[in-house]
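Visitor: Dumping the structure here so I can ask a few things about it.
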Amino acid sequence: MRALSWGPVAGVTLAHLVALVTGADAVAAWSQVLLMPALAVVLLVLPPEDRGPAWPWALAALAASWVGDSLPKIVPSDVQFLSMIGGFAAAQVLWIVAFTRVDRGRSPFAWTLLLIVVAVALLVVTVPEAGMLAPAVVVYGLLLLAVAWLASSHGWVGALGGALFVLSDGLIALGAFRPDLVAWANRDLVVMATYVGAQALFVAVILLTRSPELTWGRAPRRGTRARLTR
């Protein structure tokens, strides 16, 4: 049953990516709206006693991501970008909370250093072109860095999800402020494939850390159970 719960998001993702490749714009637009609800099914089918402390925060993060996917389609064009970034920024805050609600290890130092270098590079390239949005771009970049760093403290699945998340959002930022650097075919395909992949891996982290006994095969730290149930 749990494996079947991934069926909806697999089907919707495939339809969306095929629509992007074939230029079926209407299908691509509305299948995008269904991506996060389909992924939420994976969390919703968990029985209440098996959901863990991060569950509601992860579900809320998917809901905020859905807002970021959907709201730009119904608001005036001059606020579409801000509505997208607003939804995604809220999702990042919620993922940060989710990843800190369960026991975690340490993010590898080399990985942390690489994330910092990538984040700084993105900010250096995009902030000078962001104009009045520069402060928002900096805040968003720091949130992105925090999400990827915390995700990597939950093992290689979290680290891969964080990497895909940075790649997807980095391409969006470059497309908005430095389109000359990402003017290549099928950029949207890469953005969406990495976006869905990152969110799916984040959900996998939540499934694997929903109780102290399921923390990447490590023995839970002393006092973990008491801390998580407070």
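The values are calculated or read from the model by the stated rules, or taken from the named source; none is laboratory data. Model, not experiment: these values are computed from the prediction. Positions of Cβ are generated from backbone atoms using ideal geometry, with glycine treated the same way; all protein chains shown enter the neighbour counts. Accessible surface is based on the protein model in full, side chains and every heavy atom, while ligands, DNA and RNA are left aside. Shrake-Rupley method; radii C 1.70, N 1.55, O 1.52, S 1.80 Å.
Visitor: Looking at the structure I just gave you, is Ala148 within 19 Å of the chain's Cα centre (by Cα), assigned to a helix (DSSP H, G or I) and more than 15 Å from Leu115 (Cα to Cα)?
Guide: No.
Visitor: Please go through segment 101-115 and give me each residue that is open to solvent by less than 70 Å² (accessible area, probe 1.4 Å), in a helix (DSSP H, G or I) and not aromatic (Phe, Trp, Tyr), ordered by number.
Guide: Result: Thr112, Leu115.
Visitor: Can I ask one more? Determine, yes or no, whether Ser70 is without any contact (Cβ under 8 Å) to a residue 24 or more places away in the chain and farther than 25 Å from Val157 by Cα.
Guide: No, not satisfied.
Visitor: Looking at segment 2-33, which of its residues are open to solvent by 50 Å² or more (accessible area, probe 1.4 Å), within 16 Å of Val203 (Cα to Cα) and not small (Gly, Ala, Ser)?
Guide: Arg2, Leu4, Trp6, Pro8 - these are the residues of segment 2-33 that are open to solvent by 50 Å² or more (accessible area, probe 1.4 Å), within 16 Å of Val203 (Cα to Cα) and not small (Gly, Ala, Ser).
Visitor: Kindly indicate whether Trp156 is within 20 Å of the chain's Cα centre (by Cα), more than 19 Å from Gln199 (Cα to Cα) and aromatic (Phe, Trp, Tyr).
Guide: no
Visitor: Residue check: is Ala98 in a helix (DSSP H, G or I), in contact (Cβ under 8 Å) with a residue 60 or more places away in the chain, out of contact with any Leu (no Cβ under 7 Å at 6 or more places or on another chain) and open to solvent by less than 20 Å² (accessible area, probe 1.4 Å)?
Guide: Criteria met by Ala98.
Visitor: Six or more apart or on different chains, Cβ under 7 Å: which pairs go from a residue in segment 113-134 that's charged (D, E, K, R) to one that's surrounded by 15 or more Cβ atoms within 10 Å (Cβ to Cβ) and part of a helix (DSSP H, G or I)? Could you list them?
Guide: From segment 113-134, the pairs are Glu129/Phe177.
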